[in-house]
Amino acid sequence: MAKGRKIYEGKAKILYEGPEPGTLIQYFKDDATAFNNEKRAVLDGKGVLNNRISEFIMLQLGGIGLPTHFIRRLNMREQLIKEVEIIPLEVICRNVAAGSLSKRLGLEEGAALPRSIIEFCYKNDELGDPLVSEEHITAFNWASTQEIDDIIALTLRVNDFLTGLFSGVGIKLIDFKVEYGRLYEGETVRTVLADEISPDSCRLWDASSGEKLDKDRFRRDLGGVTEAYSEVARRLGIIKEGGGAEILAFNGEK
Ligand code: UDP
């Protein structure tokens, strides 16, 4: 499918104009960044894996009635999505202490939380995506109270569903980050899940060994990043047992 004008390039993805008004093409790059761009690498095949994993998860979530921006996958690196106005928040949902929460509150990584916790960060690279409260969000008009209520309810549904999906394949969902957008349909505006859900945006630990199967392998120099992402795709049944070669074979596709 012919891509239109490039309209945005982020750290791991590029957005192009889509074939029809109201659509965009989301292209998954192999670039990995961490610590607000201080650490960078190109990981062969990561974009292909994230495109497939995010497609699978968005379709499953759509199947339980959760509104998403996803329309369909176009090829190994691209998916067709609905154009939305991104709400400038990174919405984090946590089940187990890890990462920045462990540092901030002095909690041991792996400690169970008393209940699932939702946090908001203001999407702003220059500021390093600072943690903000609902007061900041409404005061600065980043989202309305109704939108915050919708975001919380949707994120808890995503968490329930993904916790079950991953636990069924021997993976513990520690935490994840999602983003939402405003979908304008005539007179109405709907809050829909946008961006991606992949091992770049989740913490996924093997349920028995505790092995990390997510971007922490890159952040913490553990190696085997794309192998871990392939393992997640294999367990979800996206690529065949012992497979993965076909993903890398398509790796040259731009
Ligand atoms: N996360 C993300 N993008 C970000 C920041 C965090 O996808 O810019 C995800 C991260 O992969 C993890 C969860 O959000 O699954 C919580 O991340 P945390 O706040 O612990 O940040 P980190 O330790 O990665 O700095």
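The values are calculated or read from the model by the stated rules, or taken from the named source; none is laboratory data. Just so it is clear, the model here is predicted, and its values are computed rather than measured. Note: ideal-geometry Cβ built from the backbone for every residue, glycine included; neighbour counts use all protein chains shown.
If I filter the stretch 73-90 for residues that are modelled with pLDDT of 95 or more, within 12 Å of the ligand (Cβ to nearest atom) and either surrounded by fewer than 17 Cβ atoms within 10 Å (Cβ to Cβ) or not basic (Lys, Arg) (or both), do I get at least one hit?
Scanning the stretch 73-90 turns up at least one residue that is modelled with pLDDT of 95 or more, within 12 Å of the ligand (Cβ to nearest atom) and either surrounded by fewer than 17 Cβ atoms within 10 Å (Cβ to Cβ) or not basic (Lys, Arg) (or both).
Kindly establish whether ASP175 is within 13 Å of the ligand (Cβ to nearest atom), within 17 Å of the chain's Cα centre (by Cα) and within 30 Å of GLY45 (Cα to Cα). Steps first, answer last, please.
Values: within 13 Å of the ligand (Cβ to nearest atom): yes; within 17 Å of the chain's Cα centre (by Cα): yes; within 30 Å of GLY45 (Cα to Cα): yes.
Criteria met by ASP175.
Could you please find all residues in the stretch 187-240 being over 22 Å from TYR27 (Cα atoms), within 16 Å of the ligand (Cβ to nearest atom) and either of a type outside the set (Lys, Arg) or free of Cβ contacts under 8 Å to residues at least 24 places away in the same chain (or both)?
Matches in the stretch 187-240: LEU204, TRP205, ASP206, GLY210, GLU211, LYS212, LEU213, ASP216, ARG217, ARG220, ASP221, LEU222.
Of the conditions (1) within 11 Å of the ligand (Cβ to nearest atom); (2) crowded, with 19+ Cβ neighbours inside 10 Å, GLY99 satisfies every one except a single condition; which number is it?
All conditions are met except number (2).
Which of the residues that make up the stretch 17-28 are surrounded by 18 or more Cβ atoms within 10 Å (Cβ to Cβ) and either in a loop (DSSP other than H, G, I, E, B) or out of contact with any helix residue (DSSP H, G or I) (no Cβ under 7 Å at 6 or more places or on another chain) (or both)?
Passing the criteria: GLY18, LEU24, ILE25, GLN26, TYR27.
Is there any pair linking a residue in the stretch 15-40 that is in contact (Cβ under 8 Å) with a residue 40 or more places away in the chain to one that is among the aromatic types (Phe, Trp, Tyr), with Cβ under 8 Å and at least six apart or on different chains, and which?
Qualifying pairs under 8 Å: LEU24/TYR16; ILE25/TYR16; TYR27/TYR16; ALA32/PHE218; ALA34/PHE218; LYS39/PHE218.
Only residues that are of a type in the set (Phe, Trp, Tyr) and surrounded by fewer than 24 Cβ atoms within 10 Å (Cβ to Cβ): list them for the stretch 177-217, please.
TYR184, TRP205
How about the stretch 138-160: which of its residues are surrounded by 17 or more Cβ atoms within 10 Å (Cβ to Cβ) and within 17 Å of HIS69 (Cβ to Cβ)?
ALA143, GLU147, ASP150, ILE151, LEU154, THR155, VAL158
Any idea which of GLU246, GLU179, GLU227, GLU211 is of a type in the set (Asp, Glu) and at pLDDT below 95?
Checking each option against the conditions leaves just GLU246.
Output the residues belonging to the stretch 106-131 that are part of a helix (DSSP H, G or I) and either more than 11 Å from the ligand (Cβ to nearest atom) or farther than 19 Å from ARG219 by Cβ (or both).
Scanning the stretch 106-131 gives GLU126, LEU127.
I need the full set of residues from the stretch 183-219 which are in contact with a helix residue (DSSP H, G or I) (Cβ under 8 Å, 6 or more places away or on another chain) and more than 25 Å from GLY168 (Cβ to Cβ), in order please.
THR191, PHE218
What number of residues in the stretch 40-87 are in a strand (DSSP E or B) and under 15 Å from GLY10 (Cα atoms)?
Result for the stretch 40-87: 5.
Given the structure, is LEU165 within 14 Å of the ligand (Cβ to nearest atom), at pLDDT 95 or above and among the hydrophobic types (A, V, I, L, M, F, W, C)?
So LEU165 fails the test.
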